[in-house]
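Undergrad: This structure is in structure tokens; I'll ask about it shortly.
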Amino acid sequence: MSQILLVDDDKEFTDVASNIIEFLGHDVEIANCLEEAYNCIEFQRFDHILLDFMLPDGSALHLIDKLNTQDKVPFVTLITGHPSVKSIISGMCGPNVNYLVKPLQREDLELVLSGKTKATKKAKSSAITKHFGCLVGESAPMQELYEMIERVGKTNANVMLMGESGVGKEVVAHAIHTASNTEGPMVATNCGALSRELIGSELFGHEKGSFTGAVGRKIGVFEQAQQGTLFLDEITEMPLEMQPNLLRVLESKRVTRVGAVKDIPVDCRVISATNRTVDDIAQSKVLREDIYFRLAVFPITIPPLRERLADIPLLATAFIEQLNAENDTNFEWKNAQLDQLKSYAWPGNIRELRHAIHRAFIMSDPTGTEVTLPKNFESPFAKNQTSTNQVTAGQTIDDVEKELIRVTLEKVEGNKTLAAEMLGISTKTLYNRLNAWENQAQG
Amino acid sequence: MQPTQETPPVTTNTLIHDVRNPLNRISMQAEMVKLVLENDMPKEKAIAALDKILIACQDSSAALQKLSEHSRTNNDG
């Protein structure tokens, strides 16, 4: 049973919704404006807040700002009349915020309160099947993947997802979470995006005053994911010196906040992800062997898009249907266009395909039904691939990586943010690599 | 007659918002009726929810009428 705060200025809606939420087994408090919501959060802790985006005395973002100063930030679901708010949410809020579009149904409430995802309403009437509510594709490699997700979902084994950048590792993590019978939420964090100083606090939390700047208690992601799923992206970018602490938590299932004396039991499945291969992980020694075996109890390799070209028409249709739903348009693919999409290798995988379709969508006449595709999909990724084809036997992976980063930086005239984006890594990771090589050169 | 400064401008977005709200109530009240029927709860609860759906249908209709008039005024203007 969770403590829920429902914030909406429509009193009839809050009355009926609270009845339904109570029927689903949760405790509900109602606030009909921001002022009432502030009062509620001051005196009571909530696990989940259902929040109307526009309130008579301000925006939902004001309340989210206030919540972010609390010790334990509850999960927030914004209730909005328009799906375009999704882009605002992803830009301004963290991973603990999602959204629902009016008109709501009981199933919507059940899913968000259980921390699971579902297909959009448009997708329900679509011919595209979304496996586990989020995965698209009927090819043989995907059928194998679905079987693995189904099997591991019934266990509490830790999973390591491997695959090239852009194959959809976080989406697969969501699918595993959906396939699991867990009560808790899925919490995601990117190990490559955190500084060495803050990673311990992010993972394990900290007590007030435990270090300079620790003005309040912080709950780490292990505790936030209690009874649920913790997704650790770019796990191989975690500093080696932090890995023994992670190993201790994985082995003991107890976490000690930074600056605390007592440990706290934690119970969650850990799904980690990396774009390195097993061989690369072993050779480059970016992950301790004992940690690897704890995290990769069930390793899953997600196939690159070029190995499942047959899924491209389904993916392209799913993406265009989503864009149609979000923008109230009626675009459709022609067979020749789907063939054109299938003829390209998509080295940036599904992420690149999605971006290409989004670009084409923007370039198309919104009053028509035809998508204007470019003549070719040449991208910096394709050029990188050409460069990496020039590798010779005997070169080390480090050398190839160094050359790839050098060529990419050259291409974007030294713009590290753009280079990191093209390489599919975080800017922090790129800086770490460059600093490491500089130190090697000096040492 | 000039509008006073306190009068908020009526925009298409505001009117669409006014249509969505009763639709949201209809959806949730319909879910309430399903809950009552599926769980053998007192039928008065279902009847109360159905009455609210009927009112919300009238509200939707009125909101759509306003949207239609707004659209006609803007097109003529």
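The values are calculated or read from the model by the stated rules, or taken from the named source; none is laboratory data. No experiment lies behind these values; they were computed from the predicted model shown. In this analysis, Cβ positions are derived from the backbone assuming ideal geometry, glycine residues included, and neighbour counts consider all displayed protein chains.
Undergrad: When only residues in segment A:175-213 that are on the phi > 0 side of the Ramachandran plot and surrounded by fewer than 21 Cβ atoms within 10 Å (Cβ to Cβ) count, which is modelled with the lowest pLDDT?
TA: Applying the first criterion (on the phi > 0 side of the Ramachandran plot) to segment A:175-213 yields A:205, A:209, A:213.
So of that shortlist, the ones also surrounded by fewer than 21 Cβ atoms within 10 Å (Cβ to Cβ) come out as A:209, A:213.
Working: A:Gly209: 81, A:Gly213: 76.
Filtering segment A:175-213 for residues that are on the phi > 0 side of the Ramachandran plot and surrounded by fewer than 21 Cβ atoms within 10 Å (Cβ to Cβ), the one modelled with the lowest pLDDT comes out as A:Gly213.
Undergrad: Find all pairs meeting these conditions: Cβ atoms under 6 angstrom apart; at least six residues apart or on different chains; first residue within segment A:43-67 and touching a residue at least 40 places away in the same chain (Cβ under 8 Å); second residue charged (D, E, K, R).
TA: A:Asp52/A:Asp8; A:Leu55/A:Asp9; A:Pro56/A:Asp9
Undergrad: Could I ask something else about it? In a helix (DSSP H, G or I), at pLDDT 80 or above, out of contact with any Phe, Trp or Tyr (no Cβ under 7 Å at 6 or more places or on another chain) and away from chain B (no Cβ under 12 Å): is that true of A:Leu63 in this structure?
TA: Judged against the criteria, A:Leu63 is a match.
Undergrad: On to the next question. Of all residues in segment A:356-372, count the ones that are surrounded by fewer than 20 Cβ atoms within 10 Å (Cβ to Cβ) and in a loop (DSSP other than H, G, I, E, B).
TA: 7
Undergrad: Another one. Does A:Ile20 meet the test of being outside any strand (DSSP E or B) and not polar (S, T, N, Q)?
TA: Yes; evaluated as a whole, the condition is true for this residue.
Undergrad: Applying the selection to segment A:339-355, what residues are under 18 Å from A:Ser139 (Cα atoms) and not in a helix (DSSP H, G or I)?
TA: A:Ser343, A:Tyr344, A:Ala345, A:Trp346
Undergrad: Moving to a separate point now. Return yes or no: is B:Leu54 surrounded by fewer than 15 Cβ atoms within 10 Å (Cβ to Cβ) and under 15 Å from the mean Cα position of the chain (by Cα)?
TA: On the way: surrounded by fewer than 15 Cβ atoms within 10 Å (Cβ to Cβ): yes; under 15 Å from the mean Cα position of the chain (by Cα): yes.
The answer is yes for B:Leu54.
Undergrad: Please go through segment A:334-351 and give me each residue that is over 26 Å from A:Val172 (Cα atoms) and buried (at least 16 other Cβ atoms within 10 Å of the Cβ), ordered by number.
TA: Once the filter is applied, which keeps residues that are over 26 Å from A:Val172 (Cα atoms) and buried (at least 16 other Cβ atoms within 10 Å of the Cβ), segment A:334-351 yields A:Gln337, A:Gln340.
Undergrad: If you take the residues in segment B:15-66 that are in a helix (DSSP H, G or I) and of a type in the set (S, T, N, Q), which one is farthest from the other protein chains (Cβ to nearest Cβ)? Walk me through how you get there before you give the answer.
TA: Of all residues in segment B:15-66, those in a helix (DSSP H, G or I) come to B:15-38, B:43-66.
Remaining after also requiring of a type in the set (S, T, N, Q): B:21, B:24, B:27, B:29, B:58, B:60-61, B:65.
Values: B:Asn21: 6, B:Asn24: 4, B:Ser27: 4, B:Gln29: 6, B:Gln58: 13, B:Ser60: 11, B:Ser61: 16, B:Gln65: 19 Å.
The extreme case among them is B:Gln65.
Undergrad: A follow-up question, please. So which residues in segment A:243-271 are loosely packed, with under 13 Cβ neighbours inside 10 Å and assigned to a strand (DSSP E or B)?
TA: Scanning segment A:243-271 gives a single hit, A:Pro265.
Undergrad: Report yes if A:Ile425 is modelled with pLDDT of 80 or more, part of a loop (DSSP other than H, G, I, E, B) and surrounded by 11 or more Cβ atoms within 10 Å (Cβ to Cβ), otherwise no.
TA: The answer is yes for A:Ile425.
Undergrad: If you check A:Asp311 against the conditions, is it in the same structural domain as A:Glu164 (by TED's automatic domain parsing), among the charged types (D, E, K, R) and out of contact with any Asp or Glu (no Cβ under 6 Å at 6 or more places or on another chain)?
TA: Considered against the rule, which asks whether it is in the same structural domain as A:Glu164 (by TED's automatic domain parsing), among the charged types (D, E, K, R) and out of contact with any Asp or Glu (no Cβ under 6 Å at 6 or more places or on another chain), A:Asp311 comes out as no.
Undergrad: Turning to a different aspect of this structure: Quick test for you: out of A:Thr77, A:Thr129, pick the one residue that is outside any helix (DSSP H, G or I), crowded, with 18+ Cβ neighbours inside 10 Å and either modelled with pLDDT of 85 or more or not assigned by TED's automatic domain parsing to the domain that holds A:Ile21 (or both).
TA: A:Thr77
Undergrad: Just to verify a result, which residue in segment A:1-52, among those that are surrounded by fewer than 21 Cβ atoms within 10 Å (Cβ to Cβ) and among the aromatic types (Phe, Trp, Tyr), is nearest to the other protein chains (Cβ to nearest Cβ)?
TA: The qualifying residue nearest to the other protein chains (Cβ to nearest Cβ) is A:Phe23.
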